[in-house]
Each structure stands twice: as C-alpha cells, then as structure tokens.
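Since the structure comes first, as structure tokens, the remarks are kept for the end.
The values are calculated or read from the model by the stated rules, or taken from the named source; none is laboratory data. Here the structure is a predicted model, which is why all the values come from computation and not from measurement. With ideal geometry, Cβ positions are generated from the backbone for all residues, glycine too; neighbour counts draw on all protein chains shown.
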C-alpha cells in the first residue's frame with residue numbers, strides 16, 4: 001500500500017480511492033469484525049471507516065503505513081460505537097425490572113479489561129499484528145502485506161508480542 005495513494009485520495013482521485021479500497025477492504029473488514037464480532041456492525045463500520053479515509057485523507061501524516069492509519073480510524077469508530085451502544089443499553093436497563101439474571105457482558109468484563117490492558121502494553125504496530133492474526137484470522141503473509149512489512153519481520157514481531165502477552169496475562173484467562 002503506497003503513501004502516495006493517500007495524497008491522490010486527498011486530491012479527490014476516485015480511481016486511486018477505488019484501488020486503495022480494493023486492497024485494504026479485506027484486512028480492514030477482518031480487523032473490524034474481530035472487534036465487533038457482528039457481521040452487520042462490521043459492514044456499517046467499514047463503510048464509515050472508508051468515508052473517513054475519503055474525508056480526512058488530507059490530514060494523513062506519513063509517519064507509518066497508510067493501512068495502519070486506516071486501522072486507527074476503524075478502531076476509533078468501533079470504540080465510539082461501543083460507547084454509544086453501552087449508553088443506550090444503560091438507559092434501557094433503567095426501564096426493565098430487576099429479574100436477577102446474569103448479565104453476560106458484565107460477567108466477561110474483568111477478562112476483557114485484563115486482555116485490553118495487556119494489548120495496550122504492546123506497541124501500536126505489534127498490537128495490530130496480533131489482532132489481525134489472532135483475532136481477525138488473517139494469515140501471517142496477509143498481515144505482512146496489509147502492514148507493508150517483510151514476512152520475517154511480521155513473524156518476529158508476532159512471536160515477541162505473543163511472548164510478552166503470555167508474561168502479562170494471568171494463566172486463568
């Protein structure tokens with residue numbers, strides 16, 4: 001994925017945007033799906049992500065890989081959607097009578113927090129590598145290609161990151 005594509009997109013080049021979309025859509029969708037675990041939600045957020053790319057291409061700072069920038073946008077949109085849904089759920093919970101049921105999301109919250117904190121300990125690129133491979137199910141070659149890294153570098157970063165996560169995460173999770 002080429003940095004000059006983003007510059008051309010910023011200039012309004014629709015053909016370049018189409019080419020960029022074709023190359024980035026698979027990894028971006030997999031990444032979003034790994035966060036949302038909902039096909040329809042992932043499709044909506046992917047559309048929003050690429051609209052942001054189109055609208056904000058002139059804001060791109062060439063300090064890394066363009067796809068990493070797109071993943072950052074996607075993650076930000078996912079988290080905004082999660083917060084919005086949580087607020088809606090919290091408000092709707094006030095309308096229900098207490099029934100003594102187990103709330104699954106609350107039961108899983110401690111594990112999610114521990115995992116989120118562990119992932120936050122990784123550098124941005126390393127976290128993306130782990131999420132794209134382990135959570136989104138992309139092959140190492142696909143991850144390397146998506147991030148513009150040599151395969152050996154991607155494999156090395158993945159293995160170091162997984163070792164770091166194993167040291168951080170408690171064995172009970």
Q: State yes or no: is residue 157 out of contact with any strand residue (DSSP E or B) (no Cβ under 9 Å at 6 or more places or on another chain), surrounded by 13 or more Cβ atoms within 10 Å (Cβ to Cβ), at pLDDT 85 or above and not assigned by TED's automatic domain parsing to the domain that holds residue 43?
A: yes
Q. Only one of (1) modelled with pLDDT under 80; (2) surrounded by fewer than 18 Cβ atoms within 10 Å (Cβ to Cβ) is not met by residue 56, so which one is it?
A. (1)
Q. Among the residues of the stretch 1-49, which ones are in contact (Cβ under 8 Å) with a residue 60 or more places away in the chain and not in a helix (DSSP H, G or I)?
A. 1, 2
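When you look at residue 101, is it at pLDDT below 80, assigned to a loop (DSSP other than H, G, I, E, B) and over 26 Å from residue 44 (Cβ atoms), yes or no?
yes
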Q.
Tell me whether the stretch 145-154 contains one or more residues that are in contact with a helix residue (DSSP H, G or I) (Cβ under 6 Å, 6 or more places away or on another chain), farther than 21 Å from residue 42 by Cα, modelled with pLDDT of 85 or more and surrounded by 17 or more Cβ atoms within 10 Å (Cβ to Cβ).
A. yes
